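Each remark here refers to the structure printed beneath this line.
The values are calculated or read from the model by the stated rules, or taken from the named source; none is laboratory data. Note that the coordinates shown come from a computational prediction; the quantities given were computed from them, not determined experimentally. Please note: Cβ atoms are built from the backbone with ideal geometry, for glycine as well, and neighbour counts cover all protein chains shown. Surface accessibility is based on the protein's heavy atoms, side chains included, excluding ligands, DNA and RNA. Shrake-Rupley method; radii C 1.70, N 1.55, O 1.52, S 1.80 Å.
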Amino acid sequence: MTDGIEFPRASAPPTSRPDVPRTGGVQSLTRAFGLLETLAEAGGEAGLSELADRTGLAPATIHRLVRTLVDLGYLRQLPSRRYTLGPKLVGLGETAAQQFGRWATPVLADLVAEIGETANLAVLDGDRAVYVAQVPSPHQMRMFTEIGRRVPVHCTGVGKALLSALPPAEASAIVARTGLPAVTRTTITDPEVLDRELAVARERGYVLDEGEQEAGVRCVAAPVTGPHGSAAVSVSGPLSRMDDAAVARIAPLVVAAGRRLGTLLATA
């Protein structure tokens with residue numbers, strides 16, 4: 001199932017972590033999770049020497065942590081002797097995303113009640129955005145996105161909002177890895193144009209998807225500002241209802257919803 005209008009039916013940079021606690025067990029746990037985060041920031045695959053360079057940890061320490069994570073299924077060693085994120089993380093991530101989506105649904109429902117268009121929540125998963133929650137519009141003709149669907153970050157409202165919340169160098173690294181393939185005639189395919197749009201988004205607090213993923217669809221999206229990971233909230237609808245006047249009214253509400261979600265997440 002793809003994104004689209006639902007009609008009525010006939011029926012990263014180096015990440016040294018000097019603030020690691022100095023107590024043995026907690027320090028090891030913090031270092032292990034830091035190693036997983038560093039590997040994700042490296043694109044999901046790296047060798048021991050690269051991990052040592054990025055974390056600032058001794059190679060012997062890296063090797064002990066990696067072997068333990070491999071034994072537990074959280075890392076996997078490739079034939080090239082490089083390491084990648086392991087399959088055990090998939091189930092944890094899916095469960096966490098489902099929980100996050102359920103927790104955020106009341107905020108999305110309030111947004112739909114105010115605006116009348118479909119509201120979505122997405123999180124950054126590797127180099128793509130994945131939808132974890134949606135509350136549909138009451139209109140018969142409305143937007144629909146399958147929960148769990150992974151989408152590119154350069155041509156979706158939630159994806160660009162996620163990029164705007166990252167440090168510019170980290171956002172550029174993701175774009176360099178994924179490229180900017182055209183999906184519609186309005187998809188941004190020039191890195192400099194995308195960089196300028198993200199810079200504007202960082203100042204005003206939201207981004208627009210001008211039919212870049214699907215023609216005839218407009219979306220307003222804002223990052224969820226909080227301390228725990230990257231997320232974005234969006235409102236999308238057909239261009240016939242999402243004109244400039246509607247966007248001017250909707251954008252502050254989407255930004256406020258992102259801040260509300262961030263506050264709730266920080267205090268949960």
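Here is how the numbers come out for the structure above:
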read-out	value
Test: residue in segment 198-208 that is open to solvent by 10 Å² or more (accessible area, probe 1.4 Å) and in contact with an Asp or Glu (Cβ under 7 Å, 6 or more places away or on another chain)	no
Residue satisfying condition, being in contact with a Phe, Trp or Tyr (Cβ under 9 Å, 6 or more places away or on another chain) and part of a helix (DSSP H, G or I), within set 66, 107, 90	66
Selection count, segment 61-88, where residues are more than 27 Å from the chain's Cα centre (by Cα), farther than 21 Å from residue 27 by Cβ and open to solvent by 80 Å² or more (accessible area, probe 1.4 Å)	2
Residue list for segment 38-60, filter: open to solvent by 50 Å² or more (accessible area, probe 1.4 Å), touching a Lys or Arg at 6+ places or on another chain (Cβ under 9 Å) and at negative phi	45, 48, 50
Criterion violated by residue 9 - all others in (1) charged (D, E, K, R); (2) modelled with pLDDT under 75; (3) open to solvent by less than 90 Å² (accessible area, probe 1.4 Å) satisfied	(3)
Test: residue in segment 240-247 that is surrounded by 15 or more Cβ atoms within 10 Å (Cβ to Cβ), under 20 Å from the mean Cα position of the chain (by Cα) and not aromatic (Phe, Trp, Tyr)	no
Candidate set from segment 209-227 (those that are among the aliphatic types (A, V, I, L, M) and assigned to a loop (DSSP other than H, G, I, E, B)); member that is most open to solvent (accessible area, probe 1.4 Å)	215
Yes/no for residue 16 being at pLDDT 80 or above, hydroxyl-bearing (Ser, Thr, Tyr) and not in a helix (DSSP H, G or I)	no
Evaluation of residue 215 against (1) in contact with a Ser or Thr (Cβ under 6 Å, 6 or more places away or on another chain); (2) under 29 Å from residue 43 (Cα atoms) (one fails), failing number	(2)
Hey, residue 260 surrounded by 16 or more Cβ atoms within 10 Å (Cβ to Cβ) and either farther than 16 Å from residue 157 by Cα or of a type in the set (Ser, Thr, Tyr) (or both) or not	yes
Flag for residue 236 being among the hydroxyl-bearing types (Ser, Thr, Tyr), exposed (fewer than 13 other Cβ atoms within 10 Å of the Cβ) and either at pLDDT 95 or above or under 29 Å from residue 215 (Cβ atoms) (or both)	no
Selection from segment 45-63 of residues that are part of a strand (DSSP E or B) and among the acidic types (Asp, Glu)	45
Selection within segment 174-184 - assigned to a loop (DSSP other than H, G, I, E, B) and surrounded by fewer than 16 Cβ atoms within 10 Å (Cβ to Cβ)	179, 181, 182, 184
Counted residues, segment 145-173 - those being part of a helix (DSSP H, G or I) and crowded, with 23+ Cβ neighbours inside 10 Å	8
Candidates 221, 201, 251, 266, filtered to the one that is more than 20 Å from residue 104 (Cα to Cα) and among the small types (Gly, Ala, Ser)	201
Tally, over segment 219-231, of residues that are modelled with pLDDT of 95 or more and out of contact with any Ser or Thr (no Cβ under 7 Å at 6 or more places or on another chain)	1
